[in-house]
Amino acid sequence: MKKRVVSLIMVAALAASMFAGCGKKEAAETSSEGKVLNIQCWNDEFRGFFEQHYEGYEKIDDASGKIGDVTVKWTETPSKDNAYQENLDRVLKNQESAKADDKVDLFLVEADYALKYVDTDYVLPVADIGITEDDTKNMYQYTKDIVTDSKGVLKGVSWQACPGILFYNRDIATEVLGSDDPETVQEAVKDWDTFTATADKMKAAGYKMTSTVNDTYRTYSNNVSGKWVQDGKLVIDDNLMKWVDDSKKMVDAETTVGTSELWSDDWNKGMFTENAVFCYFGPAWLINFCMHGEEDGSVAKAGKWGGCVGPQSFYWGGTWLCAAAGTDNADLVKDIMYKFSCDEAVLKALVEDNDQFANNKPVMNEMAKSDYTSKVMGGQNPLPMYCEGAEKVDLSNLSAYDQGCNEEFQNAMKNYFDGNASKEEALELFYKAISEKYPAVELPE
């Protein structure tokens with residue numbers, strides 16, 4: 001294949017392209033006299049925590065509430081098809097000219113695209129709203145690195161850190177492996193070759209190892225040796241190609257349900273006893289947000305999940321709070337960001353009441369040694385595993401290309417897994433998608 005060459009798009013250029021001509025202009029003046037607090041987010045997760053843990057909040061309905069004399073308005077735009085970012089781009093561009101009651105005060109971002117926003121003047125440094133370096137000293141460093149701009153300025157905070165583990169079905173483990181003890185299960189999934197061999201044992205017993213090959217992708221991708229784009233060139237890491245080879249084996253051997261997307265109906269079915277699969281990969285928020293713990297028939301409601309480290313340590317996601325430049329509720333925004341990232345009582349409650357893993361080392365180390373248990377996990381305390389994993393998170397290979405490259409790589413490889421293309425043809429589909437999405441990146445020969 002011929003080499004296609006153009007220069008590397010730098011992170012700052014990527015961010016600037018999203019807000020053409022706007023990222024460098026002087027931020028609008030902030031104040032603390034607003035009558036409406038506008039919060040932009042993509043689902044109801046943070047709103048649920050807010051209703052439960054922010055003292056003084058009075059819920060009116062699912063879209064609004066009150067804090068004293070201030071009306072709180074929630075705008076929840078789903079992430080699907082990039083709708084959330086498109087809406088956020090629009091309202092931030094209009095921030096300076098927006099009416100006082102329409103100005104964005106607080107918005108949420110995820111790791112995959114955080115830099116796009118924090119590297120512009122649309123986000124206030126946390127120091128500007130009164131959150132100090134001393135306030136953030138107990139946070140896991142990687143959670144700060146993700147929302148630190150190219151000048152080294154911290155521009156967001158999070159209530160959660162998201163180290164991941166392997167969740168396994170205790171009943172299936174007992175039947176197939178002879179025990180549901182974490183040490184026994186860990187030995188059966190200690191590396192990817194052992195994991196694949198155990199999948200064959202699960203099939204022989206009538207079970208699937210995973211709901212989809214996409215379940216394992218993030219664990220492989222978190223353990224790459226380099227960035228997607230190096231010196232302007234696209235590089236597919238060996239660990240990602242191992243994911244391709246291992247996944248193809250599992251699809252062909254029918255040890256996984258298939259190639260469905262995460263969050264799909266097929267992916268969700270394995271969370272229920274009737275269609276139970278052996279394992280899922282995820283952080284603490286998977287329990288609260290995805291495992292159907294209140295629904296009859298779910299493995300979670302029965303308390304039948306267990307946890308172990310799995311083949312490789314990894315992290316997944318997280319939500320960050322950003323103060324919008326031009327907010328007219330700066331004091332209230334500061335208080336919300338502080339309470340949900342620095343207040344140890346609130347952070348501890350998020351662990352105890354919501355199975356979160358809080359972004360505070362002293363809180364989590366204390367609770368890891370406590371008698372805390374997870375009902376969903378059959379009385380197991382998973383916090384020591386999370387604490388160990390959080391310290392291992394390495395963001396040295398994080399880049400502005402991650403979301404696009406990871407999505408297009410999985411999309412292309414699905415054709416190979418499903419038998420609609422050879423591996424080489426699937427790679428060509430991936431290269432084509434990248435050339436369209438990032439035309440300045442040089443592709444492999």
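Since every read-out is calculated from the coordinates, none of them should be taken as a lab result. What you see is a predicted model, and the numbers here were worked out from it, not measured in a lab. Methodologically, a virtual Cβ is constructed for each residue, glycine included, from the backbone with ideal geometry; neighbour enumeration extends over all protein chains shown.
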Quiz prompt | Square roots of 5 times each gyration tensor eigenvalue, C-alpha, the stretch 345-385, largest first, Å | solution = 15, 12, 8
Self-check item: the stretch 300-426: proportion of alpha-carbon pairs further apart than 22 angstrom, %
Solution: 58 percent
Self-check item: Simple spin-label estimate for E254 and A127 in nanometres, 7 Å along Cα-Cβ
Solution: 6.2 nm
Self-check item: For the chain, the Rg and Dmax computed from alpha carbons only, in angstrom
Solution: 22.4, 66
Self-check item: Kirkwood estimate for the stretch 168-229, i.e. one over the average of 1/r between Cα atoms, Å
Solution: 12.8 Å
Quiz prompt | DSSP-defined beta bridges in the chain - what % are antiparallel, rounded to 5 | solution = 75 percent
Quiz item: HN-Hα J couplings of the stretch 198-215 from phi, Karplus 6.51/-1.76/1.60, θ = phi - 60°, integer Hz, Gly and Pro as x?
Solution: 5, 4, 5, 5, 5, 4, 4, 8, x, 10, 9, 6, 9, 7, 6, 5, 5, 4
Quiz item: When the Karplus curve 6.51 cos²θ - 1.76 cosθ + 1.60 is applied with θ = phi - 60°, which whole-Hz ³J(HN,Hα) does each residue of the stretch 361-368 get, with x for Gly and Pro?
Solution: 4, x, 4, 6, 5, 5, 6, 5
Quiz item: For V70 and A98, what is the calculated FRET efficiency with R₀ set at 22 Å and r taken between the beta-carbons, to the nearest 0.05?
Solution: 0.85
Quiz item: When the scattering of the stretch 126-174 is computed by the Debye formula from its Cα atoms alone, each counted once and equally, what is log10 I(q)/I(0) at q = 0.15, 0.20, 0.31 Å⁻¹?
Solution: -0.50, -0.71, -1.27
Self-check item: Under 17 Å from K301, Cα to Cα: lysines that are on another chain or at least 8 residues apart
Solution: K269, K375
Self-check item: Percent of Cα-Cα distances greater than 16 Å, calculated over the stretch 244-309
Solution: 50 percent
Exercise. Assuming 1.567 mPa s and 4 °C, estimate D for the stretch 264-370 with Stokes-Einstein, Rh taken as the Kirkwood radius over Cα pairs, in µm²/s.
Key: 79 µm²/s
Quiz item: Which FRET efficiency, nearest 0.05, do N87 and D200 yield, Cβ-Cβ r, R0 51 Å?
Solution: 0.65
Quiz item: Convex hull over the alpha-carbon atoms of the stretch 69-151: what's its volume per residue in Å³?
Solution: 133 Å³
Self-check item: Reference-scaled alpha-carbon Rg (2.2 N^0.38 Å with N residues) for the stretch 170-273
Solution: 1.19
Quiz item: Which whole-number percent is the relative contact order of the chain (Cα, under 8 Å, 6+ apart)?
Solution: 25 percent
Exercise. At 0.36 nm per residue, minus the direct Cα-Cα distance, what do S79 and C290 gain on full extension? Give it in nm, one decimal, please.
Key: 74.4 nm
